[in-house]
Each structure stands twice: as C-alpha cells, then as structure tokens.
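Here is the structure we will look at, set down as structure tokens.
Every number here is computed from the coordinates shown, using simple stated rules; none is lab data. Keep in mind it's a predicted model, so treat the numbers as computed, not measured. FYI the Cβ positions are ideal-geometry reconstructions off the backbone, even for glycines, and counts take in every protein chain you see.
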Amino acid sequence: MSTDLSPQFQHCDDLIERAVNDRARGLEGSEILRIAGEVAAMRRRGVALADFTFGDFAPRCFSIPTALRDRLKAVLDEGRTNYPPAVGISELREAILTCYSRDLGLDYPEGSVQIGSGARPQIFAAFATIVAPGDIVVYPVPNWNNQYYAYLNRARAVAVPTRPENGFLPTAEELAPHLKVARLFCLCSPSNPTGTVFGREQLTAICEAVVDENRRRRAVGDRPLMVLYDQVYWQLVFAGSEHLTPVGLVPEMARYTLFVDAISKGWAATGLRVGWGVFPPWIRERTKPLIGHMGAWAPRPAQHATASLLLDQDAIRDFVVPFRTTVAERLRRIRNAFLDMKAEGLPVDSLKSQGTIYLTVRFDILGRKLPDGRTVTTDEDIRRLLLEDAAVAFLPFTAFGLPHDTGWARLSVGAIDDDEIDRALERIRTVLGRLD
Ligand SMILES: Cc1ncc(COP(=O)(O)O)c(C=O)c1O
C-alpha cells in the first residue's frame, strides 16, 4: 500500500514558501520556451498551425547522421555505460582538437577541451568561472539567453542594442562604451535569433579592441576582459558566407576567448546532449570541477559516437552538405515570399539568412488598425494576430531580450513540414493585406 501525498502539497504556506531563496524566486523561465510550449500545447489540442517557433529539429524533418546513430547503438551494445571522466572521454577531446585544426585552422593544445551535456553547461561554467558578483556582462540584443546566465551569476547585465543594417550583430563602436568596464562580452555567430554572421571587419575590430583593452589592463593590474564565443551553428553557414572566429582573426584572442560548441544544431542532434567548451587551458582547469560537481556530463555512448563522427570526413560530408542545402533552401524560399510581399506593398521586411535555421522578418504593423478597429500596439499583438488569424506561430525579438516592440521576429524552419510552408506564407499574405 502506498501513501497518498497529494494533501501535503495542497497549499504552500508562508514557511514552505520561504524554502525558495531569492535567487531562484527571481529567475525567470525562458520566454522562448514559454511561447514554444504554448504553441505545442495548442497543436496537441488539435489546433492546426504552422509552427515556426522551435529552435529545434523535428526528427520527422531532420534526423541525426546515420553514422552517429549506428555508432551510438554499437557503443550501447558493447555495454559502455559507466561514468565518463568529468572533462569528457579523451577520444572525444582529441577528435574535437582534430576537427578544430582541420576545419577551423585552430591548433589548440591538449587540456583546452571540456565536454558537457550540450552547450548550456559550458555557457553556465564560463559565466561561473569568469564573472564575480557585480561584474559587468555585455551582450547584444536580440540574443539567445545570456540575460538568464548573467542573472544566475549575479552579474550586472548590459544589453547593447544592435541594428538591422549590421545583421543585428554588434560593432566595435557599439561595444566601445563598455570596453573599459566589462568583464565578459558574449558574442554568437552564426547568430540565434537573427541567422546572420559576423563580417570580417566587424569581428576583427571587436577583437583588436579587446586585445588593446587587455594590454591596458595588464599594465594597470586589472582583471582581463574575456569573450564568450558561441558558435553552435557553425556547421550551418550557407554558401556565400563564411564562419569566422575571434582566434582565427586575431591569434592573441586565444588567451581571452571561450568557445562554446555542440553537436546539437550542426548535426540536428539536440536530444543527444553532447557539447563542449574550448577554453584557455588554465580556465578549463577551473571549469572541470564545476562541470564535475554539476554532473553535467554528456552520456558516454553519445561521446564515443560523436568522437567517431568528427573524425569521419566522408560521413560528415554525406550528412552536412544535404542538410545545410535543405535548410538554406527552405529559408531562401520563405525570404523570397516575403520579398514578393514587400514588392506588392505589404508591410514586411526581412534579412538574408547567412546560417542557422532562422530567418529574421519584420511585420511592420505597429500602429496599424485591424479590421475590427483595434490597433496593433505591441509585438505580442502581432504574434497573437498571426497565430489566431493566420495559424502561424513564431517568436518576436522581445523573447530574445529586445526591450521594446519593433515588429522584428524570428522564424525557425527546423520543425515545420515542407508542404506547410507555402500555405502558411499565403495565410500571412492574406492577414497583412487586410490591415488598414
Ligand atoms: C546560440 C545557442 N547557444 C546554445 C544553445 C544551447 O545548445 P544546447 O542544446 O547544446 O545546450 C542554443 C540552443 O538553442 C543556441 O541557440
């Protein structure tokens, strides 16, 4: 016989309420996941809609590489299911060094790599290792989730607004006012949510400013300015664009750069939970016990399978080339439809996607009147309008830390069926055409 415990949880009195500390109380859940969860619940209730919200891959649309799946099964069959080492298995750490040397031209020494369960623990570990309470952490907006990591580590978060003409990525001039006071710059390219990549001059200028600033700090005995460089989408950079890294452009940046990476996006393998940080070795020494105490290891079989894949250039080519082409083609098709709408005089704008699974679109309808007389005043109004009247779900940039409403939004193509796309675009066209 078991004891029914539900009466214990029927109400949370003052005493129990205070079990939760202020930090946990103040931590907000991800706005991205909140909206995506709401849309998923609608779909489960049978509401038919085109879901452009998820920054994930529906396995029915994009599955993991066959080589990865086969190796994973084989390692499981071999029974290799015990704890991996806290920094990750040596085969995977070495494969990552080989891959960075071969594909990114970066020769990192042994002792630079830390494996974890996806990119997130690396981001958390980087913040927790570099940032002291009250330190200033600077990130561009829109951005992916740095505000939450800053909050968790009691940093002073400074969000730097960016401009569409720069692909919503920051410039050295925009970061300059924070150069002397910041402890950490958080950069991401290819960027979530914008689907854009840093240009060579843009990133070089930032790196040179960081190196100069650190020369100044060394002279006055200050702590350095570090750069978190999130490149989880680098396998998904499209033809005509290039993936650049701070260290590739300015080698001295190796001392100040913390790379965050994973198989999650580039290999459509978000659920396998393999990610890594490539850090200066003296920083990796400090993140190692942190990841160890969190137990945020990647499962051993997934680590072995990833190691094999990263060394198998034929398997990589067989997977990545068609995968990237399909994603790029979907994004191009959607952008062309928005360009046509714009040419017809409809109030939309968009940026060319250079990588990732995202397209940046502006529904330029703030202040416009709906057929029922209401006025569109917020990004949330726009989101609701297109959800309810066009059965199309997406994420406004306000979910990515933008503090005011602009109409800019992210459309993701990772979890939508190909034949849904054109119908969804047609419905958007109809709704926009009805506005005053
Ligand atoms: C830019 C960026 N970094 C990191 C992550 C997290 O990756 P993972 O699922 O490997 O933890 C995401 C997930 O959406 C992302 O978009």
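Quick notes on this one:
- Mean separation of Cα contacts under 8 Å, 6 or more apart, over the residue count of the chain: relative contact order %: 23
- Neighbour-count order for 320, 431, 232, 47, fewest beta carbons within 10 angstrom listed first: 47, 320, 431, 232
- Calculated on the Cα set of the stretch 106-177, radius of gyration then Dmax: 14.4, 40 Å.
- Share, in percent, of DSSP beta bridges within the chain that are antiparallel, nearest 5: 50
- Highest mobility in the GNM of the chain, judged by mean-square fluctuation with C-alpha springs under 10 Å and restricted to 398, 53, 377, is found for 377.
- For the stretch 66-317, averaging the sequence separation of C-alpha pairs within contact (under 8 Å, six or more residues apart) and dividing by the residue count gives a relative contact order of 31 percent.
- Peptides 278-290, 78-90, 404-416 ordered by packing proxy, namely the average of other Cβ atoms within 10 Å per residue, highest first: 404-416, 278-290, 78-90.
- Residue 17/residue 132 FRET efficiency (R0 41 Å; Cβ-Cβ; nearest 0.05): 0.85
- The label point for residue 160 and the one for residue 208, both projected 7 Å from the Cα toward the Cβ, are 1.6 nm apart.
- Karplus 3J(HN,Hα) series, Hz, for the stretch 372-382 with 6.51 cos²θ - 1.76 cosθ + 1.60 (x for Gly, Pro): 7, x, 5, 9, 7, 10, 9, 4, 5, 4, 5
- Extension gain from residue 43 to residue 61, taking 0.36 nm per residue of separation minus the Cα-Cα distance: 4.8 nm
- Rounded if a/c under 1.5, otherwise prolate or oblate - the chain, Cα gyration tensor axes: rounded
- For the stretch 102-112, putting each phi into the Karplus relation 6.51 cos²θ - 1.76 cosθ + 1.60 with θ = phi - 60° gives couplings of 5, 9, 10, x, 10, 9, 8, x, 4, x, 9 Hz, in residue order, rounded to whole numbers and with x for Gly and Pro.
- A Förster radius of 25 Å combined with the Cβ-Cβ distance from residue 344 to residue 436 puts the calculated FRET efficiency at roughly 0.95.
- Only helical runs count toward this figure. For the chain, summing -39,500 (n - 2.57) over DSSP H runs of n ≥ 4 and dividing by all residues gives -13000 deg cm²/dmol at 222 nm.
- Full extension of the segment from residue 317 to residue 28, taken as 0.36 nm per residue of separation minus the current Cα-Cα distance, would add 100.0 nm.
- For residue 160, the residues 5 or more places off, or on other chains, whose built amide H falls under 5 Å of its own are 139, 141.
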